[in-house]
């Protein structure tokens, strides 16, 4: 199983449970709660279930001894 197959399997798993699969939004936005996929719907009253992959763009931190 390769990475693409894992992603496809996870997408199918969550889709079968009524979760909207959205594409990643790669821009500087702070915490995951600032993603437009979550933030814009969180201010409303309707239930919202979504899932998406986000890349980790943190700079590499070196351990200094």
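Every number in this text was worked out from the coordinates using simple rules, so none of it is lab data. None of the values given here were measured: they were computed from a predicted structure.
Data table
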{"read-out": "Computed lengthening from residue 11 to residue 39, 0.36 nm per intervening residue step minus Cα-Cα distance", "value": "8.0 nm"}
{"read-out": "Computed lengthening from residue 1 to residue 21, 0.36 nm per intervening residue step minus Cα-Cα distance", "value": "5.1 nm"}
